[in-house]
1. From A:Phe90, A:Phe51, grab the single residue that is within 14 Å of chain B (Cβ to nearest Cβ), free of Cβ contacts under 8 Å to residues at least 40 places away in the same chain and either in contact with a helix residue (DSSP H, G or I) (Cβ under 7 Å, 6 or more places away or on another chain) or under 23 Å from B:Gln95 (Cα atoms) (or both).
2. Would you check if A:Gly41 is under 28 Å from A:Gly16 (Cβ atoms), within 14 Å of another protein chain (Cβ to nearest Cβ) and open to solvent by 10 Å² or more (accessible area, probe 1.4 Å)?
3. Could you tell me how many of the residues in region B:54-88 are under 27 Å from B:Arg30 (Cβ atoms), part of a strand (DSSP E or B) and in contact with a strand residue (DSSP E or B) (Cβ under 8 Å, 6 or more places away or on another chain)?
4. Which one of the conditions (1) in a loop (DSSP other than H, G, I, E, B); (2) touching a residue at least 40 places away in the same chain (Cβ under 8 Å) does A:Leu103 fail to meet, given that it meets all the rest?
5. Can you tell me which residues in region B:18-53 are open to solvent by less than 40 Å² (accessible area, probe 1.4 Å), within 16 Å of A:Phe98 (Cα to Cα) and not in a strand (DSSP E or B)?
6. I'm trying to understand the selection: among the residues of region A:1-33, which are within 13 Å of A:Gly108 (Cβ to Cβ), open to solvent by less than 70 Å² (accessible area, probe 1.4 Å) and part of a strand (DSSP E or B)?
7. Can you name the residue in region B:72-94 that is over 12 Å from B:Tyr33 (Cα atoms) and touching a residue at least 60 places away in the same chain (Cβ under 8 Å) and, of all such residues, is farthest from the other protein chains (Cβ to nearest Cβ)?
8. Tally time: how many residues in region B:100-115 are open to solvent by 20 Å² or more (accessible area, probe 1.4 Å) and either facing another protein chain (nearest Cβ under 7 Å) or not β-branched (Val, Ile, Thr) (or both)?
Amino acid sequence: AQSVTQPDIHITVSEGASLELRCNYSYGATPYLFWYVQSPGQGLQLLLKYFSGDTLVQGIKGFEAEFKRSQSSFNLRKPSVHWSDAAEYFCAVGAGNFGNEKLTFGTGTRLTIIP
Amino acid sequence: DTEVTQTPKHLVMGMTNKKSLKCEQHMGHRAMYWYKQKAKKPPELMFVYSYEKLSINESVPSRFSPECPNSSLLNLHLHALQPEDSALYLCASSQVMRTGSYEQYFGPGTRLTVT
């Protein structure tokens with residue numbers, strides 16, 4: 001069965017500083033990987049995804065992530081954070097074909113931005 | 001229109017009540033999902049409908065009964081719930097792309113409180 005580990009429960013970053021959120025996955029085949037963001041009491045918004053091809057993927061809001069098979073990692077990065085980036089971030093691995101796909105989420109990383 | 005809508009936003013119900021949650025999308029997506037998210041936890045998959053047929057049931061108790069009347073609509077019927085069922089219930093939809101990849105779009109959720 002697939003699993004996702006997000007080692008950092010809470011990260012605090014100064015506005016304008018760079019950000020890296022860690023994600024490690026466990027899956028027997030080529031993984032489908034996702035990063036979602038959730039503001040308090042809201043649904044999840046997809047930031048980016050990796051299915052195949054280029055291991056560096058670009059997403060919305062200036063985020064990018066790099067898939068490293070050798071390290072089973074899919075870390076999320078942003079060169080300069082904004083106060084509006086404060087939220088909960090979830091990494092997820094997808095298994096199964098369309099219509100039967102199951103997303104397994106990590107426990108999340110809460111991002112706080114300080115002025 | 002890239003939106004998944006959910007009604008109601010909030011619901012308070014007693015343990016003997018019967019209520020329903022509604023989810024709607026008009027993106028032409030043919031797979032729809034119900035997730036349950038407890039406070040400070042990641043979403044957990046409950047059900048998947050593919051082409052209006054139930055394809056995954058993650059061993060959810062029978063007091064939760066999903067229904068997919070058509071390709072745009074997904075309901076979750078609730079009956080005789082327990083206080084521990086209080087959570088944010090998220091609906092999502094997805095469509096397969098030409099590349100074979102997919103991504104799930106989430107609604108804002110229904111905050112359910114069982115008293």
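1. Answer to the check: A:Phe51.
2. When the stated conditions are applied, A:Gly41 passes them.
3. Number of matching residues: 18.
4. It fails just one condition, (1).
5. B:His29 - this is the single residue of region B:18-53 that is open to solvent by less than 40 Å² (accessible area, probe 1.4 Å), within 16 Å of A:Phe98 (Cα to Cα) and not in a strand (DSSP E or B).
6. Result: A:Val4, A:Ile11, A:Leu21.
7. Residue satisfying both the conditions and the ranking: B:Ala80.
8. Residues flagged as open to solvent by 20 Å² or more (accessible area, probe 1.4 Å) and either facing another protein chain (nearest Cβ under 7 Å) or not β-branched (Val, Ile, Thr) (or both) within region B:100-115 amount to 6.
The values are calculated or read from the model by the stated rules, or taken from the named source; none is laboratory data. Only a predicted model underlies this, so the values are computations on that prediction, with no experimental measurement involved. Every residue, glycine among them, receives a Cβ derived from its backbone with ideal geometry; neighbour counts consider all protein chains shown. Protein only, heavy atoms only, side chains kept; ligands, DNA and RNA dropped before computing areas. Shrake-Rupley method; radii C 1.70, N 1.55, O 1.52, S 1.80 Å.
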